[in-house]
Amino acid sequence: MTMVEALPATRTTCPYCGVGCGVLATPRAGGTVDIAGDPVHPANFGRLCSKGSALGETVSLEGRLLRPHIRSHVDGIAAERLEEQVGWDEALDYVAEKFGRVIARHGAEAVALYVSGQLLTEDYYVANKLVKGWWGTANIDTNSRLCMSSAVAGHKRAFGEDVVPCSYEDLETADLIVLVGSNTAWCHPVVYQRIVAARERRPELKLVVIDPRRTPTCDIADLHLPLRSGSDVALFNGLLSHLHAQGCADQGFIERHTQGLDAALRVALEGGELEAVAQACGIDAPRLQAFYELFAATPRVVTMFSQGVNQASSGTDKVNSIINCHLYTGRIGKPGAGPFSITGQPNAMGGREVGGLANMLAAHMDLDNPRHRQRVQAFWDSPRIADKTGLKAVELFEAIGQGRVKAVWIIATNPLVSLPDADRAREALRRCELVVVSDCVADTDTARLAHVLLPAQAWGEKSGTVTNSERCISRQRAFLPSPPEAKPDWWAICEVAKRLGYPEGFNFNSAQEIFSEHARLSAFENDAAQGDERVFNLSGLDALSEVQYDELEPVRWPLRRGEPSAAFPQFRFTTPDGRARFVPTVPRPPVNAPDEEFPLVLNTGRVRDQWHTMTRSGRSPRLSPHRPEPFVEVHPQDLLAYGLRDGELARISSRWGAAVARVQASGEQRRGNLFLPIHWSDAFAADARVGALVNPVVDPVSGEPEFKHTPARIEAFAVDWYGFVLVRDVLNATDLAELAYWARASGAQFQRYEIASRGAEQDWPAWARAHLSGRGDWLDYADASAGAYRAARVADGRLEACIFVSPRPDLPEREWLGSLFSRERLEAGERSSLLAGRPSLDGDTGATVCACFGVGRRTLQKAIREHGCTTPKQLGQRLKAGTNCGSCLPELRRLIEESMAAVE
Ligand code: SF4
C-alpha cells in the first residue's frame with residue numbers, strides 16, 4: 001500500500017443539492033478519489049445519489065482555470081486560448097483599481113457582485129460585508145434568487161424571519177407527506193430515499209404529489225394531482241376553505257400564536273368551492289376532494305415544496321397559501337408537521353444566513369429596519385451601511401445592460417446559462433465596462449465575456465461550511481492539494497477589499513476566523529429581553545478554535561450557547577408581537593399567457609444525473625449516459641398536432657429566444673405543456689440554453705423569475721442527416737460550427753457527440769476525414785441506397801474515433817461502441833463489428849439506467865424476461881442495479897411494468 005492509499009477518508013459535504021449529504025472522500029494514488037456516503041451524517045446516514053457517488057470522476061484538473069487572466073479585448077473566446085495570464089497581485093490590483101474608479105466616478109450603485117449558492121458561508125459572508133458595509137450598496141445578489149427566494153419571502157411574511165421549521169426527521173415521522181412542485185426522486189434523491197425507506201417501515205405513511213408533470217416521484221405516490229401550471233394558490237386556498245368547512249381549525253394555536261386569519265380566510269373562501277377550484281386547477285374534483293379529506297384527517301402532515309412553487313410570478317403567494325393551511329391547523333413546530341421548503345443548492349441556506357441576497361442584511365436582519373442597520377454597522381465597525389434594497393438578479397442584469405451598473409464581479413456561477421432571457425443578459429455583459437469572473441472552470445459561457453478571470457479553488461480543495469435545507473451546518477473539507485494559483489474566494493474578496501483601502505474589516509487569515517465573526521454577529525444583541533430576538537443564532541459556535549472548527553460535527557441551528565442544537569423558541573415567531581401571520585393570497589394566473597403565436601406552456605427543471613450548467617457533473621462518464629443530450633418532453637397528442645416525431649429534433653421558441661432539442665414523447669406531460677431541462681450550455685450543445693427562452697417576469701415580492709411558465713411554440717427542426725461521433729478528445733468549436741445541431745456528453749476515455757446536419761449533398765467522408773482522421777487505420781463504409789455512412793479509426797489496436805450518419809435517427813446504440821474506448825486493444829471480433837455498430841446481442845447492454853453500476857436497459861429487460869426479476873429488489877440482487885443510491889428505482893419500476901405488460 002502506498003502512502004497515498006493509506007490516507008484516511010476526509011469527512012466532507014456533497015457540493016450539489018440542498019440535501020447536504022455527508023461524503024467520505026479518500027484520495028488514491030494516481031489522482032483518483034474514492035467516494036462513499038458518510039454513515040454518521042444526519043442528512044444521509046451513508047446514502048448518496050448517483051451525482052454524489054460520481055464525485056470522484058469530477059476532481060481532475062482538466063478544464064480548470066489555473067491562473068488569473070486580464071484581457072484587453074473580450075470577444076467571447078474560450079479562456080484556454082488566452083495568453084493574457086498575469087500574477088495574482090497584478091489581477092487583484094487591477095480589479096481593485098477598476099472598481100475603485102467606477103465607485104469614485106459613478107457611486108457605489110454602479111458596481112455589483114453576483115454570487116452563488118455554491119459558495120461557502122465564509123466566502124458569502126465577506127462578499128456581503130464588502131458590498132453592504134464598505135461600499136454601502138446592497139447590489140449583491142445570488143443565483144439562489146432563481147431557485148428559492150420566494151420561500152425566503154414567504155417565510156419572512158409569515159414568521160417574521162426566514163426560518164424553515166422542519167427537518168428530514170419530520171418526513172419520517174409524518175403520516176402524510178405532500179410534495180408540491182418537487183421532483184424529489186431526481187432533484188433531492190437522498191431525501192426521496194428516506195421517504196421510500198420510511199414508507200417501507202410504515203406503510204400507513206401516505207404520499208401526495210402535486211405537480212403538472214407525472215414525474216418519477218409519482219411512482220410511489222398514493223395520489224398525484226396534475227394541476228394546471230401556476231394554479232397552486234387556488235388549490236391551497238381551496239384546502240383552507242375545506243379545512244374551515246370541516247372544523248379543522250386549531251383554535252388555541254390560532255388565538256395564541258397567529259394573526260390575520262380573517263382576511264386570509266375571506267380571500268380563500270372566495271372561489272374556494274371544490275368545483276371552482278377543480279376547474280381553476282384543471283384537476284378532477286374527486287381527486288381534489290380525496291386530497292383535501294386526507295389532509296384534513298391527518299394531524300401529522302409535512303408539505304414539502306421546491307422550485308415548482310418558488311419559480312413563479314406568484315411564488316411568494318404560493319408559499320404563504322401553503323403556510324396558511326399549516327397555521328390554521330396548528331401543524332407546525334411539532335414532530336412530523338410543517339411547511340418544508342427544500343433548497344436547490346448546497347449552500348443556499350448559508351447564503352441566506354449571511355444576507356447574501358440584495359434585500360437582506362446579515363444574520364437574518366433587515367435592510368429596511370434602522371435598528372438592524374445600526375446594529376450590523378456597529379458590529380462591523382464599517383464606514384457605512386446599505387440602507388435600501390439592491391438590485392435583484394434579473395434587475396441587476398437589466399441595469400448592466402442599461403449601463404447603470406458598470407462593473408460586476410461574478411463568483412461561482414454561470415448566469416448566461418441560468419438567467420431568464422439569457423441572450424439579453426449576454427448582451428448586457430458584452431456592453432459592461434468591467435466583468436470579473438471567479439470560477440474554477442476555465443471555459444463557461446460567462447467566463448467567455450470576462451475581462452478578468454480569477455482561478456478559484458474547487459470542491460475538494462476549499463474549506464469552510466455549508467448549511468443544508470434542514471438548517472444543518474456541515475464542514476466542506478479539503479482533501480486534495482490546491483493548484484498553486486487557485487485561491488479561496490474569501491481570500492480574493494478580502495485582498496480586493498484591502499487594496500481598496502479597507503484592511504480593518506477584511507484582515508482574515510482563515511475560514512475559521514470568518515466563521516467565528518459570522519457566529520458572533522448572529523448572537524450580537526440577539527436578545528429576547530430587548531424584544532429583538534432572532535431565531536438564527538450561532539452563539540454556541542462563536543468561540544471555536546481552529547481545531548474545533550476543523551472537527552466541527554454537523555449541527556443544526558438555532559444553536560444558542562448552553563442550549564441543545566435546533567431548540568426553537570416554542571411557538572414564538574420573529575414578529576413584533578411574536579405571532580405568525582396569515583397572509584391573504586389571491587390566485588393570479590402567470591403573467592404571460594399562451595396565445596396563438598406561442599400556444600404552449602414551457603416548463604423547465606433538472607434531470608436526475610446532471611447538476612446546473614454541467615461544469616462539474618458534465619465531466620463524469622458515469623452521469624452522462626442517463627440523458628446524453630438536451631431533450632424536450634412533449635405530450636403524444638401534441639406531437640401529432642405539431643407534426644413532430646419521437647427521436648427527431650425540434651426547435652422550441654418563445655418571445656425571448658429559442659433552443660433545439662431531441663423530441664421525447666411523454667404521456668407524463670399535461671397536454672399543451674413542454675418540459676426542457678436547464679443544464680445544457682454552449683460548452684455542451686449547439687443551441688440549448690433554456691434560459692434564453694424563459695420569460696424574465698418575476699414575482700413582485702421575491703424577485704424570483706417565472707421559470708415554470710413561459711408561452712412557447714414547437715416545430716420540427718428539419719435536418720437531412722442524423723448521426724453521432726465518438727472520439728477521444730473534445731472537438732474544436734470550428735469543427736462543429738458547420739453542423740446544424742450537436743450535443744456533447746463525456747464518456748469513459750471518449751466524448752460522445754450527437755450531431756445533425758442539413759444539405760442532402762453533405763460529403764460525410766470528407767467531413768469525417770477532416771475532423772477525425774489521424775494516425776492508424778481508417779475503416780469506412782458507405783451505403784448509397786440507404787444514404788448511410790460509417791467510419792472508424794483504429795490506432796495501435798485502440799479505437800480512436802468513429803462516426804455514424806444516416807438520413808434517419810435510428811442509429812446503433814452508443815453504449816457498446818463507447819465501451820470499446822476503454823479497451824487497450826480491440827479483439828478481432830470487435831474490430832470486425834465496428835461498422836455494424838453492435839456486437840453479438842449478449843454484449844449489448846443498452847442505454848444506461850443505473851448510473852452507479854452501469855447497468856443498461858437491455859440487461860435489465862433480459863433479467864426481467866429470462867430470470868423472472870419482477871421487483872426492483874430482485875433486479876438489485878441479480879445485477880446490483882438500484883442498490884447504491886437508489887436514484888434509478890422509479891425507472892426500474894417502470895421498466896418492470898413495461899416488460900410485464902409486453903409479455904401479457
Ligand atoms: Fe449530493 Fe445527491 Fe446528497 Fe444531493 S442527494 S447532496 S446531490 S449526494
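Of the numbered criteria (1) charged (D, E, K, R); (2) closer than 30 Å to residue 64 by Cβ; (3) in contact with a strand residue (DSSP E or B) (Cβ under 7 Å, 6 or more places away or on another chain), the one residue 157 fails is (2).
Scanning the range 90-127 for residues that are of a type in the set (Ser, Thr, Tyr) and open to solvent by 10 Å² or more (accessible area, probe 1.4 Å) returns a single hit, 94. Inside the range 184-214, can you point out the residues that are assigned to a loop (DSSP other than H, G, I, E, B) and within 16 Å of the ligand (Cβ to nearest atom)? 188 - this is the single residue of the range 184-214 that is assigned to a loop (DSSP other than H, G, I, E, B) and within 16 Å of the ligand (Cβ to nearest atom). If we scan the range 196-218, do we find a residue that is within 16 Å of residue 176 (Cα to Cα), touching a residue at least 40 places away in the same chain (Cβ under 8 Å) and of a type in the set (Lys, Arg)? Yes; the residues of the range 196-218 include at least one that is within 16 Å of residue 176 (Cα to Cα), touching a residue at least 40 places away in the same chain (Cβ under 8 Å) and of a type in the set (Lys, Arg). The residues in the range 218-233 that are of a type in the set (Val, Ile, Thr) and modelled with pLDDT of 95 or more can be counted, and the count is 1.
Helices (runs of 4 or more DSSP H) fully within the range 237-283 that include at least 2 residues being touching a residue at least 60 places away in the same chain (Cβ under 8 Å): 251-257, 261-269. Here residue 838 clears all of (1) over 34 Å from the mean Cα position of the chain (by Cα); (2) open to solvent by less than 50 Å² (accessible area, probe 1.4 Å); (3) more than 21 Å from residue 763 (Cα to Cα) except the condition numbered (2). Looking only at the range 708-730, which residues are in a strand (DSSP E or B) and over 20 Å from residue 835 (Cα atoms)? Residues satisfying the conditions are 710, 711, 712, 713, 714, 715, 716. Answer yes or no: is there a residue in the range 715-733 that is within 23 Å of residue 418 (Cα to Cα) and open to solvent by 40 Å² or more (accessible area, probe 1.4 Å). Scanning the range 715-733 turns up at least one residue that is within 23 Å of residue 418 (Cα to Cα) and open to solvent by 40 Å² or more (accessible area, probe 1.4 Å).
Scan the range 12-30 for residues that are away from the ligand (no atom under 14 Å from the Cβ) and either crowded, with 20+ Cβ neighbours inside 10 Å or not in a loop (DSSP other than H, G, I, E, B) (or both) and the total you get is 4. Mind checking which residues of the range 517-538 are open to solvent by 10 Å² or more (accessible area, probe 1.4 Å), among the small types (Gly, Ala, Ser) and farther than 17 Å from residue 160 by Cα? Selection gives 523, 529. Look at residue 399 and say whether it is of a type in the set (A, V, I, L, M) and modelled with pLDDT of 95 or more. It is true that residue 399 is of a type in the set (A, V, I, L, M) and modelled with pLDDT of 95 or more. Residues in the range 631-678 that are open to solvent by 50 Å² or more (accessible area, probe 1.4 Å) and at positive phi: 1 in all. Exactly one residue among 452, 354 is surrounded by fewer than 24 Cβ atoms within 10 Å (Cβ to Cβ) and touching a His at 6+ places or on another chain (Cβ under 9 Å), and that residue is 452.
Does the range 546-566 hold any residues that are open to solvent by 30 Å² or more (accessible area, probe 1.4 Å) and out of contact with any helix residue (DSSP H, G or I) (no Cβ under 8 Å at 6 or more places or on another chain), and which are they? 547, 548, 551, 553, 554, 556, 564 - these are the residues of the range 546-566 that are open to solvent by 30 Å² or more (accessible area, probe 1.4 Å) and out of contact with any helix residue (DSSP H, G or I) (no Cβ under 8 Å at 6 or more places or on another chain).
Only helices (runs of 4 or more DSSP H) whose full extent lies in the range 289-387 are considered here, and the ones with at least 3 residues that are within 18 Å of residue 147 (Cα to Cα) are 307-310, 315-329, 348-353.
Residues that are closer than 26 Å to residue 205 by Cβ and aromatic (Phe, Trp, Tyr) within the range 140-183 comprise just one, 168. Of all residues in the range 865-891, exactly one satisfies the criterion of being under 23 Å from residue 812 (Cα atoms) and crowded, with 18+ Cβ neighbours inside 10 Å, namely 891.
Residues in the range 245-260 include none that are closer than 24 Å to residue 668 by Cβ, among the basic types (Lys, Arg) and open to solvent by 10 Å² or more (accessible area, probe 1.4 Å). Among residues that are in contact with a Pro (Cβ under 8 Å, 6 or more places away or on another chain) and either touching a residue at least 40 places away in the same chain (Cβ under 8 Å) or acidic (Asp, Glu) (or both), residue 173 is included.
Number of residues in the range 358-398 that are touching an Asp or Glu at 6+ places or on another chain (Cβ under 8 Å), open to solvent by 40 Å² or more (accessible area, probe 1.4 Å) and closer than 28 Å to residue 706 by Cα: the value is 2. Taken over the range 31-61, the criterion of being among the β-branched types (Val, Ile, Thr), within 14 Å of the ligand (Cβ to nearest atom) and not in a helix (DSSP H, G or I) is satisfied by 35 alone.
Would you mind stating whether residue 865 is modelled with pLDDT of 85 or more and in a helix (DSSP H, G or I)? Spelling it out, residue 865 is indeed modelled with pLDDT of 85 or more and in a helix (DSSP H, G or I).
The values are calculated or read from the model by the stated rules, or taken from the named source; none is laboratory data. The structure displayed is predicted, hence computed values, not measured ones. Reconstructed Cβ throughout: ideal geometry from the backbone, glycine too, with neighbour counts over all protein chains shown. In case anyone asks, the SASA skips ligands and DNA or RNA and just uses the protein heavy atoms, side chains included. Shrake-Rupley method; radii C 1.70, N 1.55, O 1.52, S 1.80 Å.
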